[in-house]
Amino acid sequence: MYVVTGATGQLGRLVIEALLKTIPADRIVAAVRDPAKGKDLAERGVIIREADYSRPETLGPALAGVEKLLLISSTEVSGRLPRHRAVIDAAKQAGVSLIAYTSMLHADTSPAMLAVEHRQTEEVIAASGLPAVILRNGWYTENHLMALPMALEHGAFVGAAKDGRFSSAARRDYADAAAKVLTTEGHAGKTYELAADQAFTLAELASELSRQSGKAVVYNDLSEDAYREVLTSAGLPPDLAGLLADADVAASRGALFDDSGALGRLIGRQTTLLQSMVATTLRG
Ligand SMILES: NC(=O)c1ccc[n+]([C@@H]2O[C@H](COP(=O)([O-])OP(=O)(O)OC[C@H]3O[C@@H](n4cnc5c(N)ncnc54)[C@H](OP(=O)(O)O)[C@@H]3O)[C@@H](O)[C@H]2O)c1
């Protein structure tokens, strides 16, 4: 049996889709905070179990009988470690044969504040003694593309990444990698730095958007404080805005760049091109 936590999230759903290509639905457990959100998956034969990282009593039953577990990192930034630890403890109790964890690119050396809880979670997994595979996911291209309507409206992308290169990949690429390590052998003990085959600066992203939309879009590089202000005034909670502005600064120092090619090798195909994702987003 295979279990995916956070399975009603955007990444989790894509992992379930990828698993369904090779694994019968009745061997896949979608472990979810709110079972009502998993109704469509249940209708397709996927087993739905409640698993709330904040309610450890739900985690043992959710992992009963499971062999391979994908722990998708929590969205509750700055409070993730105890939640992740609760899942890892439950995995140990359940005797899983493999735990895969969605960490962050170069989590061991990254200067980004977002990397701290990932690094700590990796340490808890290592100390658990469970066979583990660490999926150090790069930035999602979808993160950049969320700003696309605003960029078209104002003729500018804003950020604080200077000319830092982002090896951002599609969520689907990372999901396929997660499904691959769960369903094929030889991954225990490995750490994969997962990033796209191509990298781009935010100025190159703006230029690609201009090319495809026919509208002039530039990249305006801001100070970290000014970018945090922009994000806060766009409605992001101050903590998250601070973490994202800090991540851009880290990106200016190369933290979100990687050219190892590990993601493409793992999924056995080229990673999704930025050009095609911009085109899909513009089509709406
Ligand atoms: N690499 C990147 O660029 C990047 C960007 C954003 C996030 N991330 C990380 O990747 C993870 C997955 O991303 P995503 O895009 O799939 O995020 P998402 O769509 O927001 O999904 C997050 C999932 O986590 C679940 N969740 C949140 N708190 C939980 C809790 N206490 N117990 C159990 N489940 C909980 C949510 O449950 P509900 O469905 O009930 O809401 C949701 O299913 C994020 O959680 C974050 O750690 C990475």
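For the Cα atoms of the chain, what angle does the longest principal axis make with the long axis of helix 115-128, in degrees from 0 to 90, nearest 10?
20
Within 10 Å of each residue's Cβ, count the other Cβ atoms and sort H106, H118 from fewest upward.
Neighbour counts put them in this order, fewest first: H106, H118.
If I histogram all Cα-Cα distances within segment 6-133 using bins 10 Å wide from 0, what percent of pairs lands in each bin?
13, 45, 34, 8, 0
Rounded to whole Å, give me the distance from the Cα center of segment 168-225 to that of segment 43-118.
Centre-to-centre distance over Cα atoms comes out at 23 Å.
Evaluate the charge dipole of segment 1-127 about its Cα centre and quote only its size in Debye, nearest 20, assuming +1 on the Cβ of each Lys and Arg and -1 on the Cβ of each Asp and Glu.
160
Using helices alone, I'd like the mean residue ellipticity at 222 nm for the chain: each DSSP H run of four-plus residues gives -39500 (n - 2.57), total over residue count, nearest 500.
After summing the helix terms and dividing by the residues of the chain, the value is -13000 deg cm²/dmol.
Choose one of P56, L20, L41: the residue whose Cα lies farthest towards the positive end of the charge dipole of segment 1-57 (beta-carbon charges +1 Lys, Arg; -1 Asp, Glu; about the Cα centre).
L20
Sketch the reach of a paramagnetic label on S260 as a point 7 Å from Cα along Cα-to-Cβ, and name the residues of segment 119-135 whose backbone nitrogen lies under 16 Å away.
Under 16 Å, as judged by backbone N against the label point of S260, lie 119, 122-123, 132-135 of segment 119-135.
With point charges of +1 on the Cβ of Lys and Arg and -1 on the Cβ of Asp and Glu, referenced to the Cα centre of segment 186-284, which listed residue (S213, T201, S223) lies farthest in the positive direction of the dipole?
In segment 186-284, that residue is S213.
Taking the chain as the reference, fit the longest principal axis to its C-alpha atoms, fit the long axis of helix 202-213 to the helix C-alpha atoms, and give the angle between the two in degrees, 0 to 90, nearest 10.
80
Mind putting a number on the dipole of the chain about its Cα centre? Charges go on the C-beta only, +1 for Lys and Arg and -1 for Asp and Glu, and I need it in Debye to the nearest 20.
760
Express the C-alpha Rg of segment 194-284 as a ratio against the empirical globular expectation 2.2 N^0.38 Å, rounded to two decimals.
The value comes to 1.25.
Which value results for Rg/Rh of segment 62-114 when Rg is the Cα radius of gyration and Rh the Kirkwood radius based on the inverse mean 1/r?
Ratio of gyration radius to Kirkwood radius: 1.02.
Starting from segment 8-105, pick out the trypsin sites (Lys or Arg not before Pro) whose DSSP state is loop and whose Cβ has at most 14 other Cβ atoms within 10 Å.
K21, R44
Hey, what D do you get for segment 127-284 in µm²/s if you plug the Kirkwood alpha-carbon radius into Stokes-Einstein at 25 °C and 0.890 mPa s?
My calculation gives 148 µm²/s for D.
Counting other beta carbons within 10 Å of each residue's own, what order do T121, T232, T272, T5 fall into, fewest first?
Starting with the residue having the fewest Cβ neighbours, the order is T232, T272, T121, T5.
Can you divide the C-alpha Rg of the chain by 2.2 N^0.38 Å and report the result to two decimal places?
1.01
Note down the magnitude of the dipole of segment 76-128 about its Cα centre, charges +1 on Lys and Arg C-beta and -1 on Asp and Glu C-beta and zero elsewhere, to the nearest 20 debye.
120
Could you check the spin-label model distance between D239 and E76? Points 7 Å from the Cα along Cα→Cβ, value in nm.
0.9
Computed from the coordinates by the stated procedures, all read-outs in this text should not be read as laboratory data. Every value quoted in this text rests on a predicted model; they were computed, and no experiment measured them. Positions of Cβ are backbone-derived with ideal geometry, glycine not excepted, and every protein chain shown enters the neighbour counts.
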